[in-house]
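This report refers to the structure that appears directly beneath it.
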Amino acid sequence: MLPEDLRLAADTYVTGGEFEADLARAVAHRTVSSDPSGRPHVLAYLTDQLGPTLRDSGFQVAVHETAAPFLLATRREDPDLATVLLYGHADVVDVSIPWRADLDPWTLTREGDRWYGRGSADNKGQHLLNLAALRLLLAHRGRLGFNVTVLVESAEEVGSPGLAEFAAAHRDDLRADVLVASDGPRVAADRPTLFLGTRAAAQVQLDVDLRPDARHSGNWGGVLRNPATTLAAAVASLVDGDGRLQVPALQAPPVDDEVRAALRAVPEPENSPGWGDPDRTPAERLHAGNTLEVLALGAGDVDHPVGAIPGRARAVLQFRHVAGTDVGRLEEVLREHLDAHGFAEVTVRAHGEPASRTPLSDPWVRWARSVLEPATDGRLVVLPSLGGTLPNGVFTDVLGLPTLWVPHSYPGCGQHAADEHLPVEVARDGLRTVLSLFTALGNGSGPRQ
């Protein structure tokens, strides 16, 4: 449990104005990774805000000005102590979706118990809280009691290009015992969450390109193949009208007893009756299942249709999958399925990386649960995998680390949407949660000690 004076210091940081000031500075940096004009803002955020903050806490800091810049910082107290790798991302998604007229995405706005601003929840607010936890612990005891490496990337919102290569090239600098990171949402605002991995997302594009022009639907209807009709049938052969996968090779692995037991404690997510795999609970479908979602489907001009058979049709789908799913042959599997079902006219392009997660039985997971369950008064929820996607595989597969994700946001935060915000209480509770973990590790309770 947190000492009372440390707990009070954490609460004061969040509610007394200091966190709001730090977050306001962070939000003002327009670090949009999908826009080349965001690069100077990324470098300014890494160099001018995070760099001095970390140096003040005794870190050695380097900013690598690669295509997507990285910040790498280290604080070494004793080679015999455990080393924690902290991760965050400086970039944000764009603001093309209109925000409320009274909100500026690049100016932090306090409204009631919420802070509004792009990056407030995803991900600046979250990694700023983790860095604050380190500063608070240092101020409380004069040392951390463990070593820390901080890695902040700037392209997570566009798929983390270059992260795996950077990790491999700096393997020695990133050597650690465990990853502790905060991204994504809790399962609910009032439920501290520990998740151990994520589903991965593979992109699938299906095209039916039959002719360069449209043809009169009366003069040609019934004799010329309609690419939109063909494409719709092809999609339905992959995933039916109730969202159930029809390709055996894309089915998720069975849910083992350990995972099923963990998911029983997860609050039931909002769900549509009759949708998805009927043999899995909603929590199992979201956190231990595979889905094929249609993201876009087009032919002709849907806003101004004319009486003509279109010449082309395209569908973009996303295959979300859990660890244990073989995506190495994804394109070949889809091609074989479509050919077997008579859809030779449909071309396929697909690519994706494997999903990963740390086993529930890992010693670091058991230790984290033993710390966080009492620290959160029994409110902790443990997820084998988050439904969304993060670059977890870089840490498990490239660096060989167990991964502990402790998010400081909630499902309704508006990440990737308009009016993104971070609730004050979620920030306060999140800081207490991760500070409890760091305090316990600094007291020598971790698996390595």
Go through region 156-177 and give me each residue that's open to solvent by 50 Å² or more (accessible area, probe 1.4 Å), farther than 21 Å from residue 404 by Cα and assigned to a loop (DSSP other than H, G, I, E, B). 161
Restricting the search to region 233-257, which residues are assigned to a helix (DSSP H, G or I) and open to solvent by 50 Å² or more (accessible area, probe 1.4 Å)? 236, 248, 249, 257
From the residues in region 330-373 that are at pLDDT 95 or above, among the charged types (D, E, K, R) and part of a loop (DSSP other than H, G, I, E, B), which one is least open to solvent (accessible area, probe 1.4 Å)? 362
Tell me which of these residue 378 doesn't satisfy, since it passes every other one: (1) farther than 19 Å from residue 127 by Cβ; (2) open to solvent by 20 Å² or more (accessible area, probe 1.4 Å); (3) under 16 Å from the mean Cα position of the chain (by Cα). (3)
In the set 347, 325, the lone residue that is of a type in the set (S, T, N, Q) and closer than 18 Å to residue 230 by Cβ is 347
Yes/no for residue 327 being of a type in the set (A, V, I, L, M), open to solvent by 70 Å² or more (accessible area, probe 1.4 Å) and in a loop (DSSP other than H, G, I, E, B): no
Does any residue of region 190-197 turn out to be in contact with a Phe, Trp or Tyr (Cβ under 7 Å, 6 or more places away or on another chain), surrounded by fewer than 19 Cβ atoms within 10 Å (Cβ to Cβ) and closer than 30 Å to residue 91 by Cβ? no
Quick check: anything in region 84-103 open to solvent by less than 40 Å² (accessible area, probe 1.4 Å), in a helix (DSSP H, G or I) and modelled with pLDDT of 95 or more? no
Can you confirm whether residue 138 is of a type in the set (A, V, I, L, M), in contact with a Leu (Cβ under 8 Å, 6 or more places away or on another chain), open to solvent by less than 20 Å² (accessible area, probe 1.4 Å) and closer than 22 Å to residue 58 by Cβ? no
Given region 1-70, what helices (runs of 4 or more DSSP H) lie entirely inside it while holding 1 or more residues that are open to solvent by 40 Å² or more (accessible area, probe 1.4 Å) and under 30 Å from residue 440 (Cα atoms)? 4-15, 18-28, 51-56
Looking at region 399-416, is at least one residue open to solvent by less than 10 Å² (accessible area, probe 1.4 Å), hydroxyl-bearing (Ser, Thr, Tyr) and touching a helix residue (DSSP H, G or I) at 6+ places or on another chain (Cβ under 8 Å)? yes
Condition first: open to solvent by less than 60 Å² (accessible area, probe 1.4 Å) and in a helix (DSSP H, G or I). Now tell me which residues in region 261-300 satisfy that. 261, 262, 263, 282, 283, 284, 285, 287, 288
Can you tell me which residues in region 267-290 are acidic (Asp, Glu) and in contact (Cβ under 8 Å) with a residue 24 or more places away in the chain? 277, 284
Regarding residue 113, is this residue of a type in the set (Asp, Glu), crowded, with 22+ Cβ neighbours inside 10 Å and at pLDDT 95 or above? no
When (1) more than 14 Å from residue 368 (Cα to Cα); (2) small (Gly, Ala, Ser); (3) touching an Asp or Glu at 6+ places or on another chain (Cβ under 9 Å) are applied to residue 446, the one that fails is (1)
For region 33-50, how many residues are without any contact (Cβ under 8 Å) to a residue 12 or more places away in the chain and more than 20 Å from residue 135 (Cβ to Cβ)? 3
For a quick check of your reading of the model, give me the residue pairs whose first member lies in region 10-32 and is closer than 14 Å to residue 115 by Cβ, whose second is surrounded by 22 or more Cβ atoms within 10 Å (Cβ to Cβ) and polar (S, T, N, Q), with beta-carbon atoms closer than 8 Å and at least 6 apart or on different chains. 23/120; 27/120
Can you work out which of the residues in region 108-139 that are of a type in the set (S, T, N, Q) and in a loop (DSSP other than H, G, I, E, B) is farthest from the chain's Cα centre (by Cα)? 120
Filter region 218-232 down to residues that are open to solvent by 60 Å² or more (accessible area, probe 1.4 Å) and either under 16 Å from residue 300 (Cβ atoms) or in a helix (DSSP H, G or I) (or both), then give me how many there are. 4
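The values are calculated or read from the model by the stated rules, or taken from the named source; none is laboratory data. Given the structure is predicted, the values throughout are model-derived calculations rather than measurements. Positions of Cβ are backbone-derived with ideal geometry, glycine not excepted, and every protein chain shown enters the neighbour counts. With ligands, DNA and RNA removed, areas are computed over all heavy atoms of the protein, side chains included. Shrake-Rupley method; radii C 1.70, N 1.55, O 1.52, S 1.80 Å.
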